[in-house]
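Here, each number is a calculation from the coordinates, and none is a lab measurement. What you see is a predicted model; the values in this text were computed from it and never measured. Cβ sites come from the backbone with ideal geometry, for glycine too, and all protein chains shown count toward neighbours.
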Amino acid sequence: MKKYLCLLLSLLMLGLAACGNSAELPTLIDDDTPSSAPTDTSVSDIPASSEESGSEESSSAPSSSNTSSTDKEVKPISKDDGKWNMVLVNPWEPLPEGFNPQLASINVQYASYSSAKFDARAIDWLHAMCKAAAKDGVKLVVISAYRTNATQQSLFNNKVQRVKNADPSLTHDQAVEEAAKVVAKPGTSEHQLGLAVDFNSVEDSFRYTKQYKWLQEHCTDYGFILRYADDKQDKTGIIPEPWHYRYVGVEMAKKIAASGLSMEEYLENNGE
Ligand SMILES: [Zn+2]
């Protein structure tokens, strides 16, 4: 009898200990929610919602058939030919003349606005990446994708104005130069290519989120690279942007990431 009592007691203790442990488990939901649109003082290269949400807003609710069709685990077939996916756009290399990308709508479950668009040839990869992240409990939300020249112009003008407001002693040209370090001048933004997206938050603190960590580990599996790394500002012309990812195709993404080079340096080194 004493033996049984002992056993019962130790079982009870074990149960209590387990409860204690589980209560101490950290919750992982805090940085899961996408941050709201940045305030006026932030970098804010998100398209204004008024521009991006047209009449589509109410009519394009996610359809259930759409969800079920993307339930398959297979990754999209690569359609990269090593050219369209490697077009370089930066402050010194504007968009090709007459550039007119074929676009497709980003599944609304992965975007913060219903009119978000991406290059039709690469959109399956973007969806596959967001879906895989979700499966790992990481919610990736596209907050900026394809931009028209007019959208980029308006974002740029806004930035110039904010720079002027912050330092009224600057001349217009100085303000333009300063603004261009953060928001690309019209015609030189990768977003105009339709192959770049911003995820969740355009705050530098994005680098401390589990979304960023997940992207560091998996983005090349889906053909994406972190485009504006910390130590590459002199090569890319753009400040470090932990939230900005560029599609280049799986093969190129793996090669570029392994090289440790920026896209500019990689293309230069490989005689492109
Ligand atoms: Zn971006």
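Below is a table of values for the structure above.
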item	result
Least to most buried among Met86, Met263 (fewest other Cβ within 10 Å first)	Met86, Met263
Residues Leu140, Leu88, sorted so that the one with the fewest Cβ neighbours within 10 Å comes first	Leu88, Leu140
Rounded to the nearest 20 debye, dipole of the range 141-210 from Cβ charges on Lys, Arg, Asp, Glu	160
Label-point separation in nm, Asn149 to Glu265, each point 7 Å along Cα→Cβ	3.3
Alpha-carbon centroids, the range 185-203 and the range 114-156: separation in whole Å	9
Ranked list, fewest to most other Cβ atoms within 10 Å of each Cβ, for Trp243, Trp84	Trp84, Trp243
Efficiency of FRET from Cβ geometry, Val87 and Lys213, R₀ 41 Å, rounded to 0.05	0.90
Full-stretch length increase - Gln102, Asp230 - with 0.36 nm per residue and alpha-carbon distance subtracted	43.0 nm
Among the listed pairs Lys164/Lys235; Lys131/Lys185; Lys210/Lys254; Lys135/Lys181, those beyond 30 Å (Cα-Cα)	Lys131/Lys185; Lys135/Lys181
